[in-house]
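Student: If you scroll down you'll find the structure; I have some questions about it.
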Amino acid sequence: MVSAEVENVSPLRPELTRPAGAKSLSTKFSVFTTILVFWVIVVVGGYDISLNPGKVIAGKILILLLIVFLSAGAIARFTIRILVRPLAVLQRAIQEARAGRLTQVDISRTGDEIEYLAESFNQMSSALAVSQAQVKEHQELLEERIRLRTEELEEALQKAMQASQAKSEFLANMSHELRTPMSGVIGMLDLVMESPLNRDQLEQLKAAQGCAHSLLGLLNDLLDLSKIEAGRMVLEEIPFEMRALVADCTKTYQARAKSKGISMSWSVDQAVPRVLIGDPLRVRQILANLVSNAVKFTERGSVRVEVRLDDGCPEAQASVTLRLSVADTGPGIAPERHDSIFEQFTQADGSISRRFGGTGLGLAISKRLVEMHGGEINLQSAEGLGSAFSVLLPFPVASDPAGSLAEQAEADFSAQNSRGAILVVEDNLINQKVVTSLLRKKGYETHIANNGQEALDMLHSGNYQLVLMDVQMPVLDGLEASQRIRAEERYAGLPIIAMTAHAMNGDRERCLKAGMNEYLAKPVDHKHLIAVVEQFLKQKSSPRAAAPPAHGTAADQGLNGANPALREQMLKLFVQLAPDRIKRLHQAAAEGNLTQLREDVQKIQAAARSISAANVVEWTNSIEESARRVDLESIRTSLSHLDEAVRALSQPTTHQRLDA
Ligand code: ADP
């Protein structure tokens, strides 16, 4: 008989004390015992009757019955005790193990299969416990390694972002240094060319002007590309006429096409809405790049520019998608080069660059600009079969009840011109001359202030309808001067237009924040300057006009100087590391371990700075401050605010103040 005692499995849950298996086993034993009893009675009774036919010995049968019942009960009880109960306990332990709670069962040394089974179970349970501990240890080790690696990655990204920032700063400074003299050269050339000159002088000046413009073009391309890469290119959203833009842009290349004997034509479909909202400067830049390439590379035949709707009829539509296509009968581009020509500094073949010149930047910039608009650029071309570039661009449609913008500007211009002088605030003598003579030529009265302070004084004593404000100036710079002007109620309607050679570095946003209405990068395009001045003078009577425009700040657009892709990665890492860091902060605060707390806070702070998470930086500052004062109560309060700020960062829909 098997007789193993397995008892006291601990810890066990009370509800598992009578498992289903044990019940069914004991039931089976009871049924078996009952059948056995009946069988014995029937056999013994039958035998007795066969020995003594006709005589029923009831007493004998009764005694027999009693004996058999008693022995069957004893057998059943013994069986349940030594077999069923230990098995039930084992089963219970197995169920516990299945639920992840490893236990040991107590074994009675009976030397039978149940003891062996229980021992095997205990061994298995111990082995599992050991391996579970090892897995846990490895997991913790792995988590720690991942954390350290992520922190290393974060540090590396921070360095990369700093490098990107430094590159942007360098470009901003270079841009300033190069644009200022270029602005002077081009402006002066323009002025001299309008004075009486003999033919030779005019030819020479034209050549100088051509060189200056191509140098400026290259400079602009490089700066544009850097701006886009640094995430600092901001698209304007102003009303413009597509038809006028296309006409003007193609006109620029008409003379060159004519001199090469190429025919050039353009058309804008009737269905294209007259006034759209967008950035005309950038749309023009895209179109001009394509048209100038088409004219440059085509030796004979034609260049055709077409603008039509890409998405059917615009009736009552708030926005439309336009297809701008530029097709030529030039040399064409081999299919394997179709992708690479959109990369920076890449030309379809080396001989082309020798023959036609160029830098290989135009298409790269165009593609980026198109993508910034949420559009796409495509090319259909094969060698010897010409090229057709097509650009899809979405635009909101402007309502233009008052007639075309140009007509309106024309009509308002003369009326506005007599309302006061334009104040040119500029410290550079050459720029003063260029801007004032340009404005005077257009009939405006202009006065010059050499710095911000002079401008304030002149405003107080004179009557001005508009201010053109340089940014970098001695005594009082343009930003400070604008803030002071805006602080005075009486100048609320006075338009201030920034003119700065700092074409990068978030200057536009800083100017707008300081209260200026518009921003022009130097060297200012003469037409653009006049157009902007006219636009503001026209709007001036409207009460809303001079209030600084609603603008996406640098911060809103993540324009904090670093490459947006790096910043995006940094944000991901920040969100990934945040829960563990916050947990450690809470732990350090609970233990009163201020050294650890400060160390962890500084890590969060550095990371938050690089993604410009202002709220997070703010609360880490206040935790640091409280830690310095050993003020545990306010550390706890700031920690809960920090929790919230970090949580908000992890939620993509939440608008975050990212402008540290
Ligand atoms: P760039 O014109 O300064 O060389 P782009 O980026 O504008 O730079 O163009 C890149 C290259 O693509 C050109 O050098 C030329 O090889 C090819 N390409 C662009 N437009 C055309 C075109 N219309 N026909 C033939 N080749 C073209």
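Student: Under 5 Å between amide hydrogens, which residues at least 5 positions from GLU383 or on another chain qualify, with H placed 1.01 Å from N in the peptide plane?
Tutor: For GLU383, the qualifying residues are ILE333, ALA334.
Student: To continue, here is another question. In Å, what Rg and Dmax follow from the Cα atoms of region 140-226?
Tutor: 24.3, 85
Student: Could you please state how large a percent of the accessible area of region 128-210 is carbon and sulfur, counting protein chains only and using a 1.4 Å probe?
Tutor: 60 percent
Student: For GLU119 and THR359, calculate 0.36 nm times their separation in residues minus their Cα-Cα distance, and state this gained length in nm to one decimal.
Tutor: Here the segment from GLU119 to THR359 would lengthen by 78.2 nm.
Student: Would you mind calculating the gained length between ALA421 and GLU591 on full extension (0.36 nm times residue separation, minus the Cα-Cα distance), in nm to one decimal?
Tutor: Residue separation times 0.36 nm, minus the Cα-Cα distance, leaves 54.3 nm.
Student: Can you compute the modelled spin-label distance between LEU281 and ALA58, with each label point 7 Å from Cα toward Cβ, in nm?
Tutor: 12.4 nm
Student: Short version: ³J(HN,Hα) in whole Hz for each residue of region 511-518, in order, from phi by Karplus 6.51 cos²θ - 1.76 cosθ + 1.60 (θ = phi - 60°), x for Gly and Pro, what are they?
Tutor: For region 511-518, the Karplus curve yields 4, 5, 5, 6, x, 7, 9, 8 Hz.
Student: Which aspartates and glutamates, if any, have their Cα less than 17 Å from the Cα of LYS60, not counting same-chain residues under 8 positions apart?
Tutor: Within the straight-line limit of under 17 Å, LYS60 reaches these aspartates and glutamates: ASP48.
Student: Can you compute the FRET efficiency between ASN463 and LYS442 using 1/(1 + (r/R0)^6), with r the Cβ-Cβ distance and R0 = 22 Å? Round to the nearest 0.05.
Tutor: Rounded to the nearest 0.05, the efficiency is 0.70.
Student: Please list, in order along region 378-386, the HN-Hα scalar couplings obtained from phi with the Karplus expression 6.51 cos²θ - 1.76 cosθ + 1.60 (θ = phi - 60°), rounded to whole Hz, x for Gly and Pro.
Tutor: Ordered by residue, 3J(HN,Hα) equals 10, 10, 10, 6, 8, 4, x, 10, x Hz.
Student: Sticking with this one: May I ask you to evaluate 6.51 cos²θ - 1.76 cosθ + 1.60, the Karplus curve with θ = phi - 60°, for each residue of region 581-589 and list the ³J(HN,Hα) values in order in whole Hz, giving x for glycine and proline?
Tutor: Going residue by residue, I get 5, 5, 4, 5, 4, 4, 4, 4, 5 Hz, with x marking Gly and Pro.
Student: Would you mind getting the accessible area per residue of region 164-275, heavy atoms of the protein chains only, 1.4 Å probe, in Å²?
Tutor: 53 Å²
Student: Additional query: Sort out for me the Cα centre separation of region 106-129 from region 454-480, rounded to whole Å.
Tutor: A separation of 94 Å, based on Cα centres.
Student: Compute the signed sum of charges (Lys and Arg +1, Asp and Glu -1) over the other residues within less than 11 Å, Cβ to Cβ, of HIS138.
Tutor: Counting the neighbours of HIS138, the net charge comes to -2.
Student: Now for a separate question. Out of every Cα pair in region 196-344, what percent are spaced more than 26 Å from each other?
Tutor: 40 percent
Student: Would you grab the residues whose amide H sits under 5 Å from the one on VAL320? Only those 5+ places off in sequence or on another chain, please, with H modelled 1.01 Å from N.
Tutor: PHE395, VAL397
Student: Bin by bin, in steps of 5 Å, what percent of the Cα pairs in region 65-120 do you find, going until the bin that has the longest distance?
Tutor: With 5 Å bins starting at 0, P(r) equals 4, 17, 21, 18, 13, 10, 7, 5, 3, 1, 0.
Student: Hey, could you get me the Stokes-Einstein D for region 443-518, Kirkwood radius over alpha-carbon pairs, 20 °C and 1.002 mPa s, rounded to whole µm² s⁻¹?
Tutor: Stokes-Einstein gives a translational diffusion coefficient of 172 µm²/s.
Student: Let me ask something else. Starting from the Cα of GLU137, step 7 Å along the direction of its Cβ; do the same at GLU371; then give the gap between the two resulting points in nm.
Tutor: Each label point lies 7 Å from its Cα, and together they span 4.9 nm.
Student: Roughly how many Å is it from the Cα centre of region 269-343 to that of region 170-219, as a whole number?
Tutor: Cα centres, region 269-343 to region 170-219: 29 Å.
Student: Give or take rounding to whole Å, what are the principal axis extents of the alpha carbon atoms in region 109-253, in descending order?
Tutor: Principal-axis extents of region 109-253 (Cα, largest first): 126, 36, 23 Å.
Student: Here's another thing I want to ask about it. Using only the alpha-carbon atoms, what does region 179-257 span along each of its principal axes? Please give whole angstrom values in decreasing order.
Tutor: 46, 32, 23
Student: Also, quick follow-up: In the structure displayed, which of LYS159/LYS367; LYS136/LYS583; LYS433/LYS527 lie more than 25 Å apart, Cα to Cα?
Tutor: Checking Cα-Cα distances, LYS159/LYS367 exceed 25 Å.
Student: What is the set of long-range amide H partners of GLN104 at a cut-off below 5 Å, with H atoms built 1.01 Å from backbone N?
Tutor: So GLN104 has HN proximity to SER10.
Student: Also, I was wondering about something else. Taking a probe of 1.4 Å, how large is the accessible area per residue of region 69-119, in Å²?
Tutor: 58 Å²
Student: For region 566-610, what does the alpha-carbon gyration tensor say about shape, rounded, prolate or oblate, given a ≥ b ≥ c as the root eigenvalues, a/c under 1.5 as rounded, and a/b over b/c as prolate?
Tutor: Oblate, because a/c is 1.5 or more while a/b does not exceed b/c.
Student: So, one more: Taking 0.36 nm per intervening residue step and subtracting the Cα-Cα distance, what contour gain separates PHE78 from GLN483 on full extension?
Tutor: 135.8 nm
Student: Give the calculated FRET efficiency between ILE238 and ASP339 to the nearest 0.05, with a Förster radius of 41 Å applied to their Cβ-Cβ distance.
Tutor: E between ILE238 and ASP339, to the nearest 0.05, is 0.80.
The values are calculated or read from the model by the stated rules, or taken from the named source; none is laboratory data. The structure presented is a predicted model; accordingly, all values stated were derived computationally and were not measured. Positions of Cβ are generated from backbone atoms using ideal geometry, with glycine treated the same way; all protein chains shown enter the neighbour counts. Ligands, DNA and RNA are stripped out before the accessible areas are found, and what is left, the full protein with its side chains, is counted by its heavy atoms. Shrake-Rupley method; radii C 1.70, N 1.55, O 1.52, S 1.80 Å.
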